[in-house]
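Peer 1: Have a look at this one.
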Amino acid sequence: MIITPRPKTFFPLSIFIYIKGHIITIIHFLRNLIFRKQPVAKIPYPEIRRQYSENFRGRHWLRRRQDGSVACVACFMCSTNCPAQCIYIKASENLNLYQEKYPLVFEIDLLRCVFCGYCVDACPCNVIYMTRDDELATFDRASSIITLKELLEFPERVKDKPLGWKPFDGDLPEWEKIKRFKY
Ligand code: SF4
Ligand code: SF4
């Protein structure tokens, strides 16, 4: 597909469009402020929090095995399917004969993540889940990258809540339900 740039707008005309846009915004603002009859729907956060769907797609969580080791086999299916390319995995050889690889590094950049849940859908081992943790603000960009250690910990804030988006078969093994807060 060939994209041809639009011709530049005549300068005085662009100023006129700019002012016109501001006038429309101010008119709407004043009309809503003075003549609005119905109250604006608002939630006094954080005292009251919005109830989200049970499939809410919040911060990710990586499941462990029963022996406490990370269940991820570093197959790269999640990172390959991620449309935002925000999952970084560095695989290493595993001495366990039944598991070829494990993730030495597993990071998700939450600033780039679009919370689509494709990584959850793509995982062949049902390792990656999404929680209902929606408080993801950070003070700097570096803190928005969650590491393997953080991913293996179930977010404390939502530890009493059920999971959010999860593999289609949904359920965790019973022992996972019991142990997920232990590590
Ligand atoms: S939720 Fe979507 S964008 Fe975020 S890490 Fe998973 S696949 Fe990537
Ligand atoms: S798809 Fe699942 S098993 Fe594969 S690397 Fe991602 S989390 Fe690990």
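The values are calculated or read from the model by the stated rules, or taken from the named source; none is laboratory data. Keep in mind that what you see is a predicted model, and the values were worked out from it rather than measured. With ideal geometry, Cβ positions are generated from the backbone for all residues, glycine too; neighbour counts draw on all protein chains shown.
Peer 1: Could you count how many residues in region 66-93 are within 12 Å of ligand 2 (Cβ to nearest atom) and assigned to a loop (DSSP other than H, G, I, E, B)?
Peer 2: 7
Peer 1: Suppose we filter LEU136, LEU97 for residues that are among the aliphatic types (A, V, I, L, M) and surrounded by 14 or more Cβ atoms within 10 Å (Cβ to Cβ); which single one remains?
Peer 2: LEU136
Peer 1: Name the pairs whose Cβ atoms lie under 8 Å apart, with the first residue in region 155-183 and β-branched (Val, Ile, Thr) and modelled with pLDDT of 75 or more, the second assigned to a loop (DSSP other than H, G, I, E, B) and surrounded by 12 or more Cβ atoms within 10 Å (Cβ to Cβ), and 6 or more positions between them or separate chains?
Peer 2: Every condition considered, the pairs that remain are VAL158/GLY58; VAL158/THR131; VAL158/ARG132; VAL158/ASP133.
Peer 1: Looking at region 118-132, which of the residues that are among the hydrophobic types (A, V, I, L, M, F, W, C), in a helix (DSSP H, G or I) and within 12 Å of PHE168 (Cα to Cα) is farthest from ligand 2 (Cβ to nearest atom)?
Peer 2: Across region 118-132, the extreme among qualifying residues is VAL120.
Peer 1: Now for a separate question. Within region 32-51, identify whether any single residue is surrounded by 10 or more Cβ atoms within 10 Å (Cβ to Cβ) and within 16 Å of ligand 1 (Cβ to nearest atom), and answer yes or no.
Peer 2: No: zero hits.
Peer 1: Next question, about the same structure. Any idea which of THR25, THR9 is assigned to a loop (DSSP other than H, G, I, E, B) and without any contact (Cβ under 8 Å) to a residue 40 or more places away in the chain?
Peer 2: Working: THR25 fails: assigned to a loop (DSSP other than H, G, I, E, B).
Selected residue: THR9, the only one of THR25, THR9 that is assigned to a loop (DSSP other than H, G, I, E, B) and without any contact (Cβ under 8 Å) to a residue 40 or more places away in the chain.
Peer 1: Working carefully through the options GLN66, GLN51, GLN85, GLN99, find the one that is polar (S, T, N, Q), closer than 17 Å to ILE146 by Cβ and either touching a helix residue (DSSP H, G or I) at 6+ places or on another chain (Cβ under 9 Å) or modelled with pLDDT under 90 (or both).
Peer 2: Result: GLN85 is the single residue among GLN66, GLN51, GLN85, GLN99 that is polar (S, T, N, Q), closer than 17 Å to ILE146 by Cβ and either touching a helix residue (DSSP H, G or I) at 6+ places or on another chain (Cβ under 9 Å) or modelled with pLDDT under 90 (or both).
Peer 1: Continuing with this model, one more query. May I ask you to say which residue of PHE35, PHE56, PHE115 is away from ligand 2 (no atom under 12 Å from the Cβ) and over 26 Å from LEU172 (Cβ atoms)?
Peer 2: On the way: PHE56 fails: over 26 Å from LEU172 (Cβ atoms); PHE115 fails: over 26 Å from LEU172 (Cβ atoms).
Result: PHE35 is the single residue among PHE35, PHE56, PHE115 that is away from ligand 2 (no atom under 12 Å from the Cβ) and over 26 Å from LEU172 (Cβ atoms).
Peer 1: Starting from region 65-87, take each residue that is over 21 Å from GLU176 (Cα atoms) and list its partners that are of a type outside the set (A, V, I, L, M, F, W, C) and outside any strand (DSSP E or B), counting only C-beta distances under 7 angstrom and pairs at least six apart or across chains.
Peer 2: Close Cβ pairs satisfying both conditions: CYS75/PRO124; MET77/PRO124; ASN81/TYR118; CYS82/TYR118; PRO83/TYR118; ALA84/ARG112; CYS86/ARG112; ILE87/SER79.
Peer 1: A further question on this structure: When you check TYR102 against the structure, is it more than 30 Å from ARG50 (Cβ to Cβ), surrounded by fewer than 18 Cβ atoms within 10 Å (Cβ to Cβ) and over 14 Å from the mean Cα position of the chain (by Cα), yes or no?
Peer 2: No.
Peer 1: Another question about this same structure. Within region 140-154, work out how many residues are at pLDDT 95 or above and not in a helix (DSSP H, G or I).
Peer 2: So the answer is 3.
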